[in-house]
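These notes concern the structure reproduced below.
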Amino acid sequence: MGVGGARPGVLGGAFDPPHLGHLALARGGWSHFGLDRLLVRVVEDPGHKDVPTPACVRLDLVRLAFSAVPGVEVELDPHARTVDSLEALSLPDPVFLLGADEFAEFLTWKEPERVLELARLGVGTRPGVPSDRVEDVRASLARPDRVELFEIEPHDVSSVQLRTLAAGGRPLDGFVPAAVAERIRKLGLYRVA
């Protein structure tokens with residue numbers, strides 16, 4: 001059962017490219033937590049990973065991906081770290097959505113306990129992510145009550161895998177929304193020169 005009352009949600013990431021797993025997380029979080037709006041934030045320059053695609057292109061792809069999802073606002077996030085982004089947003093007790101695989105690395109984030117002060121975490125679980133790792137991370141937090149797990153429709157896909165497929169000229173249909181697949185093809189994104 002989700003948390004009572006409408007509240008804002010936040011989904012942030014590099015989205016290079018956005019895929020059906022991101023949409024499943026957004027839809028599942030929206031439904032489970034009774035969100036009244038969802039801010040999808042495209043991190044301009046992630047501090048923790050190399051992102052080959054320019055932020056403006058990723059922003060365009062995310063807008064295409066989420067165009068059919070009501071209540072979603074897509075914007076560029078100038079902050080490299082989640083804690084800084086949440087501080088700047090200053091939302092009333094938002095739910096920050098993330099996948100269980102990301103949550104398994106939560107303790108390596110910048111100021112994870114501060115993130116929990118600024119937002120509840122909605123962790124989307126799916127088969128294939130070890131639940132013991134997720135529970136170990138949750139148990140080590142000062143405020144484990146600020147973390148709620150919910151099941152999402154499984155999509156065994158990652159942005160890294162999709163870039164590899166696209167680099168080899170393989171179609172991304174079935175892994176990303178059709179409009180995103182078409183835009184990636186049209187722009188020749190991820191192709192090896």
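Can you tell me how many residues in the range 78-116 are in contact with a helix residue (DSSP H, G or I) (Cβ under 8 Å, 6 or more places away or on another chain), surrounded by 13 or more Cβ atoms within 10 Å (Cβ to Cβ) and part of a helix (DSSP H, G or I)?
Of the residues in that region, 11 qualify.
Across the range 172-193, what is the number of residues that are modelled with pLDDT of 90 or more and in a loop (DSSP other than H, G, I, E, B)?
The number of residues fulfilling the criteria is 7.
Check Arg146, Arg163 and return the single one that is surrounded by 14 or more Cβ atoms within 10 Å (Cβ to Cβ) and either of a type in the set (S, T, N, Q) or at pLDDT 95 or above (or both).
Criteria check complete, one pass: Arg146.
Within the range 29-39, is even one residue crowded, with 19+ Cβ neighbours inside 10 Å and more than 25 Å from Glu135 (Cα to Cα)?
Scanning the range 29-39, I find at least one residue that is crowded, with 19+ Cβ neighbours inside 10 Å and more than 25 Å from Glu135 (Cα to Cα), so the answer is yes.
Picking from Ala100, Ala55, which residue would you name as being under 25 Å from Pro154 (Cβ atoms) and among the small types (Gly, Ala, Ser)?
None of the others qualify; the one that does is Ala100.
Looking at this structure, is Glu75 of a type in the set (D, E, K, R), touching a helix residue (DSSP H, G or I) at 6+ places or on another chain (Cβ under 9 Å) and assigned to a strand (DSSP E or B)?
yes
Okay, residues lined up against (1) assigned to a helix (DSSP H, G or I); (2) in contact with a Gly (Cβ under 7 Å, 6 or more places away or on another chain); (3) over 23 Å from Ala100 (Cα atoms):
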{"residue": "Pro8", "(1), (2), (3)": "no, no, no"}
{"residue": "Leu25", "(1), (2), (3)": "yes, yes, no"}
{"residue": "Gly29", "(1), (2), (3)": "yes, yes, no"}
{"residue": "Val40", "(1), (2), (3)": "no, no, no"}
{"residue": "His48", "(1), (2), (3)": "no, no, no"}
{"residue": "Thr53", "(1), (2), (3)": "no, no, yes"}
{"residue": "Asp60", "(1), (2), (3)": "yes, no, yes"}
{"residue": "Leu64", "(1), (2), (3)": "yes, no, yes"}
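Could you check, for the range 130-145, whether at least one of its residues is more than 17 Å from Arg27 (Cβ to Cβ) and in contact (Cβ under 8 Å) with a residue 40 or more places away in the chain?
Checked against the condition, which is being more than 17 Å from Arg27 (Cβ to Cβ) and in contact (Cβ under 8 Å) with a residue 40 or more places away in the chain, the range 130-145 yields no hits at all.
Could you list all residues from the range 151-193 that are under 19 Å from the mean Cα position of the chain (by Cα) and at positive phi?
Hit for the range 151-193 is Gly174, nothing else.
Take Ser85 and tell me if it is over 21 Å from Arg114 (Cβ atoms), among the hydroxyl-bearing types (Ser, Thr, Tyr) and touching a Pro at 6+ places or on another chain (Cβ under 9 Å).
It is false that Ser85 is over 21 Å from Arg114 (Cβ atoms), among the hydroxyl-bearing types (Ser, Thr, Tyr) and touching a Pro at 6+ places or on another chain (Cβ under 9 Å).
The values are calculated or read from the model by the stated rules, or taken from the named source; none is laboratory data. Note that this is a predicted model, so its numbers are computed, not measured. Here the Cβ is made from the backbone with ideal geometry for all residues, glycine too, and neighbour counts use every protein chain on show.
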